[in-house]
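Structure first, then comments.
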Amino acid sequence: MKANILIAFRLTFVVALLCVGMYTLIVLGFAKMAPNKGKGFELSQNGKTFYSNIGQSFTEDKYFYSRPSAVAYNAAGSGGSNKGPNNPEYLASVQARIDTFLAHNPEVNKSSIPVDLITASGSGLDPHISVEAAKIQIKRISAIRKIDETLLLKLIEQQNGKPLFGPDKINVLRLNIALDSISKN
């Protein structure tokens with residue numbers, strides 16, 4: 001019996017050393033080889049530092065709206081709402097997002113709102129929206145900032161992330177910083 005307990009303690013110590021110590025050092029080593037040494041992708045604007053790989057909240061009408069977040073854009077608590085598509089609370093929050101979007105964009109039809117403007121991502125921190133989600137907001141921003149719609153369309157095309165796989169996407173923070181650089185309204 002004593003021999004088995006001693007073996008179990010040794011095995012627990014070795015596994016803890018491997019899983020906690022070595023794994024952590026290996027992941028840290030890979031992070032240090034990554035761009036920005038694992039610190040994320042920082043952007044500075046007007047003396048403030050932002051992380052472009054973490055979703056930011058943009059709700060002012062003069063900006064492109066970001067994707068909703070189930071965790072209020074808190075990077076420490078990444079996660080979705082985990083509510084199913086038939087959950088009444090989830091359906092109410094999606095309907096509230098639709099109503100808010102339509103109130104600020106009255107020329108848009110409900111059926112043409114891109115899903116990424118009314119549903120949160122799985123992490124709640126997605127910094128991207130689809131090209132369609134950006135384009136559908138052009139009329140509102142053009143009217144508020146007094147910018148020609150074709151200029152906004154060009155700005156969207158310049159900010160298009162065009163990944164190797166998957167649909168085109170736009171980083172909302174970068175898009176709004178570029179928008180501020182052409183218009184201070």
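The values are calculated or read from the model by the stated rules, or taken from the named source; none is laboratory data. Because the structure is a prediction, the values reported are computed rather than measured. Here the Cβ is made from the backbone with ideal geometry for all residues, glycine too, and neighbour counts use every protein chain on show.
Quick one: what pairs do we get from segment 81-98, first residue in the same structural domain as Pro68 (by TED's automatic domain parsing), second of a type in the set (S, T, N, Q) and modelled with pLDDT under 90, C-beta under 8 Å, 6+ apart or different chains?
Partner pairs satisfying both residue conditions: Tyr90/Ser81; Ser93/Ser81.
What single numbered condition from (1) closer than 23 Å to Glu107 by Cβ; (2) surrounded by fewer than 18 Cβ atoms within 10 Å (Cβ to Cβ); (3) in contact with a strand residue (DSSP E or B) (Cβ under 6 Å, 6 or more places away or on another chain) fails to hold for Lys139?
(3)
Please go through segment 105-128 and give me each residue that is touching a Lys or Arg at 6+ places or on another chain (Cβ under 6 Å) and either over 24 Å from Gly40 (Cβ atoms) or charged (D, E, K, R) (or both), ordered by number.
Residues satisfying the conditions are Asn105, Glu107, Asp116, Ile118, Asp126.
How about segment 119-165: which of its residues are aliphatic (A, V, I, L, M), under 14 Å from Asp180 (Cα atoms) and not in a helix (DSSP H, G or I)?
Step one: filter segment 119-165 for residues aliphatic (A, V, I, L, M), giving 120, 125, 129, 131, 133-134, 136, 138, 141, 143-144, 147, 151-153, 155-156, 164.
So of that shortlist, the ones also under 14 Å from Asp180 (Cα atoms) come out as 141, 144, 147, 151-152, 155-156.
Residue satisfying the conditions is Ile147 alone.
Matching residues to (1) farther than 22 Å from Ile54 by Cα; (2) out of contact with any Asp or Glu (no Cβ under 8 Å at 6 or more places or on another chain):
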position: Pro88; (1), (2): yes, yes
position: Ala96; (1), (2): yes, yes
position: Asp99; (1), (2): yes, yes
position: Ala103; (1), (2): yes, yes
position: Asn109; (1), (2): yes, yes
position: Ser121; (1), (2): no, yes
position: Ile129; (1), (2): no, no
position: Ala133; (1), (2): no, no
position: Leu152; (1), (2): yes, yes
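Given the criteria out of contact with any Cys (no Cβ under 8 Å at 6 or more places or on another chain), assigned to a helix (DSSP H, G or I) and farther than 30 Å from Lys146 by Cβ, does Ala72 qualify?
Working: out of contact with any Cys (no Cβ under 8 Å at 6 or more places or on another chain): yes; assigned to a helix (DSSP H, G or I): no; farther than 30 Å from Lys146 by Cβ: yes.
No.
Mind checking which pairs have a first residue in segment 151-167 that is on the phi > 0 side of the Ramachandran plot and a second that is outside any helix (DSSP H, G or I) and at pLDDT 90 or above, Cβ under 6 Å, 6 or more apart or different chains?
Going by the 6 Å Cβ cut-off, the qualifying pairs are Lys162/Asp168.
Would you pick out the residues in segment 31-43 that are surrounded by fewer than 12 Cβ atoms within 10 Å (Cβ to Cβ), at pLDDT 75 or above and not in a helix (DSSP H, G or I)?
Ala34, Glu42
Can you spot a residue in segment 21-40 that is of a type in the set (S, T, N, Q) and more than 23 Å from Ala92 (Cα to Cα)?
Yes - at least one qualifying residue is present in segment 21-40.
Per-residue answers, yes or no, for (1) touching a residue at least 60 places away in the same chain (Cβ under 8 Å); (2) loosely packed, with under 14 Cβ neighbours inside 10 Å; (3) outside the structural domain of Arg174 (by TED's automatic domain parsing):
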position: Lys48; (1), (2), (3): no, yes, no
position: Gln56; (1), (2), (3): yes, no, no
position: Pro68; (1), (2), (3): no, no, no
position: Ala75; (1), (2), (3): no, no, no
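Test Gln158 against the criterion of being within 23 Å of Ser52 (Cβ to Cβ), at pLDDT below 95 and among the polar types (S, T, N, Q), and give yes or no.
Working: within 23 Å of Ser52 (Cβ to Cβ): yes; at pLDDT below 95: yes; among the polar types (S, T, N, Q): yes.
So Gln158 fits the description; yes.
Sort through Asn82, Asn74 and tell me the only one that's within 21 Å of the chain's Cα centre (by Cα) and within 21 Å of Leu43 (Cβ to Cβ). Give the derivation first.
Details: Asn82 fails: within 21 Å of Leu43 (Cβ to Cβ).
Just one listed residue meets the conditions, Asn74.
Cβ contacts < 6 Å: first residue not assigned by TED's automatic domain parsing to the domain that holds Asp61, restricted to segment 101-112; second residue part of a helix (DSSP H, G or I), any location; separation 6+ or different chain. Result?
From residues that are not assigned by TED's automatic domain parsing to the domain that holds Asp61, there are no pairs.
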